[in-house]
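Beneath this line is the structure, given in structure tokens, with notes to follow.
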Amino acid sequence: MKKFRYDNKIVRDFAIATIVWGVVGMLVGLIVSLQLINPALNMGNQYTTFGRIRPLHTNAVIFAFVGNAIFMGIYYSLQRLCKARMYSDILSKIHFWGWQTIIVSAAVTLPLGITTSKEYAELEWPIDILIALIWVVFAINMFGTIVKRREKHIYVAIWFYIATVVTVAVLHIVNSIELPVTFLKSYPVYAGVQDALVQWWYGHNAVAFFLTTPFLGLMYYFLPKAANRPIYSYRLSILHFWSLIFIYIWAGPHHLLYTSLPDWAQSLGTVFSIMLIAPSWGGMVNGLLTLRGAWDKVRDSAVLKFMVVAVTAYGMATLEGPLLSLKNVNAIAHFTDWIVAHVHIGALGWNGFLTFGILYWLIPRIYKTDLYSQKMANFHFWIGTLGIVFYAAPLYWSGVTQSLMWKQFTPEGLLQYPNFLETVIKIIPMYIMRSIGGSLYLFGVLVMVYNLLKTVKSGKLIANEDAEAPALIKELHETSKYKHRWIETRPGKFALLSTVVVLIGGAVEMIPTFLIKSNIPTITSVKPYTPLELQGRDIYIREGCNNCHSQMIRPFRSETERYGEYSKAGEFVYDHPFLWGSKRTGPDLMRIGGKYPNLWHYYHMNDPASISPGSIMPPYPWLLEQELDISTTEAKINTMRKLGVPYNPDYEKISNTELIDQASKISEDLKKNGIEVENTKEIIALIAYLQRMGTDIKVDATTGK
């Protein structure tokens, strides 16, 4: 028997980070939800508006809270499954501090408006590079540990860890290919429809391979440990794993149904999304049936209660996701609060509750003590469950209300609610209930923090836990009736096969979209943005306007009557990045160009409620005061030309002259209407962009048709 020590200190560090960032991320989420009830809670400055801190909330919860929880669970379980200490203590420390540096960088840059605008991938290019480097450090440490393992058999949890590491690397690198303009500004190499496809291939599979597969690995380890029972079915584990990682990668296009994405890609996404029900529920069944005959333990154990609800929430979310990919259901739910409710069933129930269960099980063990209070843990479970119900139920109601009001016509064939604001005002009570649910959930987390602090104080960290095992446990895999045993003993081949399985779906979807021109027909009237419009578009991105407004009119009568002609693929060929949006807190802006005078936009940005009484949009008075930075114009034009936007040679040399000319015209128009504003202010550039939107094809400027 060879003696060695498990590294519990790195587990402790990631556990602390999980708890701290969890509180921070959820608190920001609560503030964001309150801002939708009362715009005054945007706090009156440009760094705390909804558009800027909403991505801060999503990044904090996904990459800070959930990310640290993943690493906490993997560093604990991998050592014990491999019967080996982590490959390198130095790499463990680099991984920990590097990841926290990434999180702090996000917390600084996003409120400053430094963003790519791409959902779940908002961080700019220097941070993207750091993410890739730290992920490589993690991969080396993980695979190094697997290679030096003393257990020949690779347990199912490690399968999911391997798939996570290789797939997240591919997703991040492909989606983050961008051309820098300045140190903290870049444009993606993809444009329009192609950018949308890549983004939601990434976005959907970030949910799959960051929020799902690693947590399934943790479920396969910690649930049997907490229940003291073996996993229900080894065969089901095999089927669950390979079918899940193969099918999941194809499903991204279901986020883009009824958009300008080619129909064949939409249909492909729908088909594979429906197929996902089987492997997803296979995992849920495998988890829940592990507890067969042990439900008395569930009744008495807060840890198992959290885990049972987590696995159930996983099953609910992975049934609802495929249902939402059906076109008739998607036509109702997309762009509404229904999607927000769906996402939070997964985030609060699956990721949150499984993390809490692991923390309650793990912390007492590495501190060699008992949990301070089982009553507090049970209280946390019940108030957390109540919080999820109060959060999700009102948003489902809100989502259906929104969709029905948007689509309702009078007997005369006119829109019943032509004013978008009528819908917003109607759902405010649901937003209040959502915030109450979020508050209950956060309160439960704070109770957990107190409980775990008292637990830690009653024990002492076993930083290096003694263990022993033979140099290598020999098993007769060759004579096993399970052929899968062969690949389980070869981690390199296992990782390679996982990568191939994952890449197939992405390649089938992307290659035709990028190489076959007929998939994205061009429109000759579509021209590149002028320098002023390009600067205005970047301000629009900086302020996070795409978090509330879509730029994608679907081919429904209710939408074309409300917004104008439906969106065409060729209209977006110069959009780096695409800005189709995923939620309509405000109306679609695809055909906003020419619909209102410059004066209307000026007043609307300064004080939205003065134009639209009851609006929950925050004011943007700083746009009227801040000088437009035109020092970047030449670099932006040059970068766009490198990306294939057909600006004339040497156009960048006269770009600022044209910018000032166009800005002066808008400034003079405002002056005629009694508004004195210099042509160098940011508001002028934003107005220029808004007035350009959707005007490249022939539509009536007043009706948008």
Do we find a residue being within 15 Å of the chain's Cα centre (by Cα) and hydrophobic (A, V, I, L, M, F, W, C) anywhere in segment 231-238?
-> no
Would you mind telling me which numbered condition in (1) outside any helix (DSSP H, G or I); (2) aliphatic (A, V, I, L, M); (3) within 22 Å of residue 571 (Cβ to Cβ) residue 291 fails?
-> (3)
From the options 599, 659, 628, 589, residue that is crowded, with 17+ Cβ neighbours inside 10 Å, modelled with pLDDT of 95 or more, closer than 27 Å to residue 418 by Cβ and hydrophobic (A, V, I, L, M, F, W, C) = 589
Is it the case that segment 602-620 has a residue that's within 24 Å of residue 187 (Cα to Cα) and outside the structural domain of residue 428 (by TED's automatic domain parsing)?
-> no
Hey, any hits in segment 28-41 for a residue that's modelled with pLDDT of 95 or more and within 23 Å of residue 162 (Cα to Cα)?
-> no
Are any of the residues in segment 23-35 more than 23 Å from residue 443 (Cβ to Cβ) and hydroxyl-bearing (Ser, Thr, Tyr)?
-> no
Screening 157, 139, 169 for residues that are farther than 17 Å from residue 577 by Cα and within 19 Å of the chain's Cα centre (by Cα) leaves only 169
Can you find even one residue in segment 3-10 that is part of a helix (DSSP H, G or I) and closer than 29 Å to residue 141 by Cβ?
-> yes
Of all residues in segment 126-139, count the ones that are under 30 Å from residue 5 (Cβ atoms) and either among the basic types (Lys, Arg) or surrounded by 16 or more Cβ atoms within 10 Å (Cβ to Cβ) (or both).
-> 5
Just give me the residues in segment 502-527 being modelled with pLDDT of 85 or more, touching a Leu at 6+ places or on another chain (Cβ under 8 Å) and either more than 30 Å from residue 160 (Cα to Cα) or not hydrophobic (A, V, I, L, M, F, W, C) (or both), in sequence order.
-> 509
Residue among 217, 252 that alone is in contact with a Phe, Trp or Tyr (Cβ under 6 Å, 6 or more places away or on another chain), at pLDDT 95 or above and either among the small types (Gly, Ala, Ser) or more than 24 Å from residue 135 (Cα to Cα) (or both) | 217
Is it the case that segment 323-331 has a residue that's farther than 27 Å from residue 430 by Cα and either within 19 Å of the chain's Cα centre (by Cα) or crowded, with 19+ Cβ neighbours inside 10 Å (or both)?
-> no
Here are some residues: 79, 46, 35. Which one is at negative phi and touching a strand residue (DSSP E or B) at 6+ places or on another chain (Cβ under 6 Å)?
-> 79
Please state which one of 612, 582, 550 is over 22 Å from residue 59 (Cβ atoms) and of a type in the set (Ser, Thr, Tyr).
-> 612
If we take segment 350-454, then helices (runs of 4 or more DSSP H) inside it with 2 or more residues that are in contact with a Phe, Trp or Tyr (Cβ under 6 Å, 6 or more places away or on another chain) are 353-366, 374-407
Run residue 623 past the list (1) surrounded by 20 or more Cβ atoms within 10 Å (Cβ to Cβ); (2) in contact with a Ser or Thr (Cβ under 7 Å, 6 or more places away or on another chain) and report the number of the one that doesn't hold.
-> (2)
Taking first residues from segment 438-465 that are assigned by TED's automatic domain parsing to the domain that holds residue 19 and second residues anywhere that are of a type outside the set (A, V, I, L, M, F, W, C) and modelled with pLDDT under 95, the pairs with Cβ under 8 Å that are 6 or more apart or on different chains are none
Reported set for segment 647-688 where residues are among the charged types (D, E, K, R) and without any contact (Cβ under 8 Å) to a residue 24 or more places away in the chain is 650, 652, 653, 661, 665, 668, 671, 672, 676, 678
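Each row is one residue, and each column tells you yes or no for (1) without any contact (Cβ under 8 Å) to a residue 40 or more places away in the chain; (2) over 30 Å from residue 147 (Cβ atoms); (3) buried (at least 24 other Cβ atoms within 10 Å of the Cβ).
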| site | (1), (2), (3) |
| --- | --- |
| 34 | no, yes, no |
| 42 | no, yes, yes |
| 58 | no, yes, no |
| 75 | no, no, yes |
| 88 | no, no, no |
| 114 | no, yes, no |
| 124 | no, yes, no |
State whether one or more residues within segment 551-566 are assigned by TED's automatic domain parsing to the domain that holds residue 663, more than 25 Å from residue 405 (Cα to Cα) and aliphatic (A, V, I, L, M).
-> no
Looking only at segment 391-450, and only at residues there that are within 27 Å of the chain's Cα centre (by Cα) and aromatic (Phe, Trp, Tyr), the one that is surrounded by the most Cβ atoms within 10 Å (Cβ to Cβ) | 391
Report whether or not residue 329 is within 22 Å of residue 217 (Cα to Cα) and in a helix (DSSP H, G or I).
-> no
Condition met for residue 494 (among the aromatic types (Phe, Trp, Tyr) and surrounded by 16 or more Cβ atoms within 10 Å (Cβ to Cβ)) = yes
Unique match (being outside any helix (DSSP H, G or I) and surrounded by 21 or more Cβ atoms within 10 Å (Cβ to Cβ)) among 614, 644, 674, 694 | 694
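The values are calculated or read from the model by the stated rules, or taken from the named source; none is laboratory data. Only a predicted model underlies this, so the values are computations on that prediction, with no experimental measurement involved. Neighbour counts run over all protein chains shown; Cβ positions are idealised from the backbone, glycine included.
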